[in-house]
Amino acid sequence: MDVEGNKILITGGATGIGLELAKIFAKDNEIYICGRRKEKLDEAKKILPSIHIKVADVRNPKEIMEWAKDINILINNAGIQRAIDLKEGIKGLEGENEIKINLEATIYLSTLFIPFLESKKEAAIVNISSGLAITPLAAVPIYCATKAGVHTFTKCLRSQLSDTSIKVFEVLPPIVISELNMEYRKKVGTTNTGIKSDKCAASIVDGLEKDKFEIENPALENLKTATMKDIDKLFEKMNGRW
Ligand SMILES: NC(=O)c1ccc[n+]([C@@H]2O[C@H](COP(=O)([O-])OP(=O)(O)OC[C@H]3O[C@@H](n4cnc5c(N)ncnc54)[C@H](OP(=O)(O)O)[C@@H]3O)[C@@H](O)[C@H]2O)c1
């Protein structure tokens with residue numbers, strides 16, 4: 001797909017992978033970003049004065065739909081991750097919730113944008129899932145479940161939109177150095193583990209340009225030909241034996 005001359009909405013675009021995508025795209029595209037923290041959006045606007053910013057929560061699509069008529073590429077990037085000990089009971093499931101932010105908002109925004117995107121000559125929906133959608137990390141169980149949901153939803157969306165002008169991409173990044181779940185990363189000493197977010201963003205742009213509809217990380221290339229047994233082995237390696 002053409003990665004120039006677009007109007008691109010990146011949810012959660014003020015930090016991490018989203019901000020790095022905005023930096024690359026801002027050279028040749030019009031960029032719209034949203035997030036909940038005004039100060040982060042203002043910082044992004046200082047770096048990239050041409051971008052449009054809006055304080056908006058993806059759980060309230062109305063706030064974002066004001067931009068819908070202009071956009072031809074929607075990037076569902078906003079996400080949170082929490083470490084949850086399921087043995088501690090229902091308390092861990094309360095409060096800010098991956099199901100609403102990572103999964104439900106991706107489903108709602110994708111669906112609400114379809115009529116607007118369909119009217120554009122070339123359009124795309126890009127859903128950021130995770131390598132953890134395929135091989136989960138038990139310490140972040142709800143996160144992994146929501147990303148597996150995004151993976152499955154995106155496949156169905158791609159199939160249903162195959163007779164429209166809307167291309168549907170999924171990105172399955174490896175571990176990326178960012179603010180995501182910093183509390184847990186500090187606890188387990190992985191704040192500097194992973195690829196840099198600018199490298200991740202560059203690989204996403206490259207994948208979009210090449211119409212690679214599932215933009216995966218190199219570790220997952222092998223998983224494409226893996227059996228269920230191979231995937232179980234990897235799960236065991238990451239999480240220990242149950
Ligand atoms: N880092 C990794 O290792 C990794 C690996 C695979 C996939 N991913 C995925 O990549 C995406 C970007 O994550 P990142 O690593 O770049 O982390 P990040 O810097 O924490 O980015 C997440 C962004 O989402 C925004 N956000 C969270 N909840 C929101 C809501 N309800 N409404 C609007 N915006 C919201 C956050 O801003 P506010 O808090 O200001 O709203 C933040 O800017 C996520 O979907 C994540 O799951 C990350």
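Read-outs: derived from the displayed coordinates by stated rules, not from any lab. On a predicted model such as this, the values are computed, not experimentally measured, just so you know. Cβ atoms come from the backbone with ideal geometry, glycine included; neighbour counts cover every protein chain shown.
Mind listing the long-range amide H neighbours of Val126? Cut-off is under 5 Å, sequence gap 5 or more, other chains count too, H placed in the peptide plane at 1.01 Å from N.
Leu74, Ile75, Asn76, Phe169
Of Lys23/Lys54; Lys121/Lys212; Lys100/Lys210; Lys87/Lys187; Lys23/Lys45; Lys23/Lys147, which pairs sit farther than 21 Å apart, going by alpha carbon to alpha carbon?
Numbers: Lys23/Lys54 17 Å; Lys121/Lys212 19 Å; Lys100/Lys210 31 Å; Lys87/Lys187 19 Å; Lys23/Lys45 11 Å; Lys23/Lys147 25 Å.
In this structure, Lys100/Lys210; Lys23/Lys147 exceed 21 Å between Cα atoms.
When you count, for each residue, the other Cβ atoms within 10 Å and take the mean per peptide, how do 88-94, 197-203 rank with the highest first? Could the numbers behind the result be given before it?
Working: 88-94: 10.0, 197-203: 19.0.
Taking the mean over residues of other Cβ atoms within 10 Å, the ranking is 197-203, 88-94.
If you put +1 on each Lys and Arg Cβ and -1 on each Asp and Glu Cβ, how big is the dipole of the chain around its Cα centre, in Debye rounded to 20?
Numbers: 35 positive and 34 negative charges, 100 e Å.
The dipole magnitude comes to about 480 debye.
Using alpha carbons only, how many degrees (0 to 90, rounded to 10) separate the axis of helix 105-118 from the longest principal axis of the chain?
30 degrees
Just grab the label-to-label distance for Lys100 and Asp28, each label 7 Å out from Cα along the Cβ direction, in nm (one decimal).
4.0 nm
In percent, how large is the relative contact order of region 121-205, given Cα pairs closer than 8 Å and 6 or more residues apart?
With pairs under 8 Å counted, the relative contact order is 32 percent.
Counting other Cβ atoms within 10 Å, keep those with at most 14, restrict to DSSP loop, and tell me which trypsin sites (Lys or Arg not before Pro) in region 1-33 are left. Write down the numbers at each step before the final one.
Working: sites: Lys7, Lys23, Lys27; in loops: Lys27.
The qualifying sites are Lys27.
Once the dipole of the chain is set up with Lys and Arg at +1 and Asp and Glu at -1 on Cβ about the Cα centre, which of Met1, Tyr143, Asn29 lies farthest towards its positive end?
About the Cα centre, the residue reaching furthest to the positive side is Tyr143.
Can you tell me the length gained on complete extension of the stretch Asp232 to Glu118, counting 0.36 nm per residue apart and subtracting the Cα distance? All intermediate terms of the calculation are to be shown ahead of the outcome.
Details: separation 114, 0.36 × 114 = 41.04 nm, distance 3.96 nm.
Result: 37.1 nm gained on full extension.
If you count, for each residue, the other Cβ atoms within 10 Å and average over each peptide, how do 112-119, 139-146 line up from highest to lowest?
Values: 112-119: 16.1, 139-146: 20.9.
With the highest mean Cβ count within 10 Å placed first, the list reads 139-146, 112-119.
Among residues other than Arg59 whose Cβ falls under 12 Å from its Cβ, what is the net charge (Lys/Arg +1, Asp/Glu -1)?
Net local charge, Arg59 excluded: -2.
In debye to the nearest 20, how big a dipole does region 1-76 give about its Cα centre with +1 on each Lys and Arg Cβ and -1 on each Asp and Glu Cβ?
Details: 13 positive and 12 negative charges, 65 e Å.
I would put it at about 320 debye.
For Leu172, what charge total do you get from the other residues with a beta carbon under 9 Å from its beta carbon, if Lys and Arg give +1 and Asp and Glu give -1? Can you show the working numbers first?
Working: positive: Lys147; negative: Glu170, Glu214, Glu216.
Its environment carries a net charge of -2.
Can you pull the Kirkwood radius for region 7-217, inverse mean 1/r over Cα pairs, to one decimal in Å?
Values: mean 1/r = 0.0578 Å⁻¹.
By the Kirkwood definition, the hydrodynamic radius is 17.3 Å.
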